[in-house]
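Peer 1: So that we are looking at the same thing, I have put the structure below in structure tokens.
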Amino acid sequence: MNKSMIALIAAATMLTACNNDKANENEEKSVQTTNENQTETENEQPKQATQTETQTSPKHGKWSSLPEYDKIIEEIGNEDYTFNKETDNDGKRVFLIELNGEKQYKSVFVKNTNRLKIIKINGGGEVYDGIIK
């Protein structure tokens with residue numbers, strides 16, 4: 001009877017510990033979502049100011065709301081670039097940026113750290129590597 005009681009207590013303790021880990025994961029996701037929402041809210045004013053710039057290139061319409069978009073345009077210029085999404089998952093978003101059908105840049109945005117890297121493909125190397133606020 002003592003062995004079964006110890007096994008029951010051990011199982012209950014393990015289940016409780018597992019549930020706390022999942023609760024912490026949910027809290028982290030909630031905090032991350034809240035931070036992303038705050039970042040989007042904080043970035044709304046600068047986006048409104050640069051809205052005339054993005055209107056010159058209708059191809060950018062669906063990408064202009066992304067947190068990394070303004071920094072990409074700031075670093076590479078506002079030419080008639082075509083953004084081709086290569087990867088977009090929970091961890092990162094990767095774009096290949098083309099001009100006149102030729103790949104010019106690659107951008108990698110790590111979502112959980114807000115780190116953006118912009119790389120010039122044809123021998124230019126790294127253009128930008130930093131954290132976006």
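The values are calculated or read from the model by the stated rules, or taken from the named source; none is laboratory data. The structure displayed is predicted, hence computed values, not measured ones. Heads up, the Cβs are rebuilt from the backbone with ideal geometry, glycines too, and the neighbour counts pull from every protein chain shown. Side chains included, ligands, DNA and RNA excluded: accessible areas come from the protein's heavy atoms. Shrake-Rupley method; radii C 1.70, N 1.55, O 1.52, S 1.80 Å.
Peer 1: Taking the range 90-128 on its own, how many of its residues are more than 16 Å from residue 67 (Cβ to Cβ) and not aliphatic (A, V, I, L, M)?
Peer 2: Adding up the residues that qualify gives 14.
Peer 1: Say whether the condition of being open to solvent by less than 70 Å² (accessible area, probe 1.4 Å), in contact with a helix residue (DSSP H, G or I) (Cβ under 8 Å, 6 or more places away or on another chain) and outside any strand (DSSP E or B) is met by at least one residue in the range 75-92.
Peer 2: Yes - at least one qualifying residue is present in the range 75-92.
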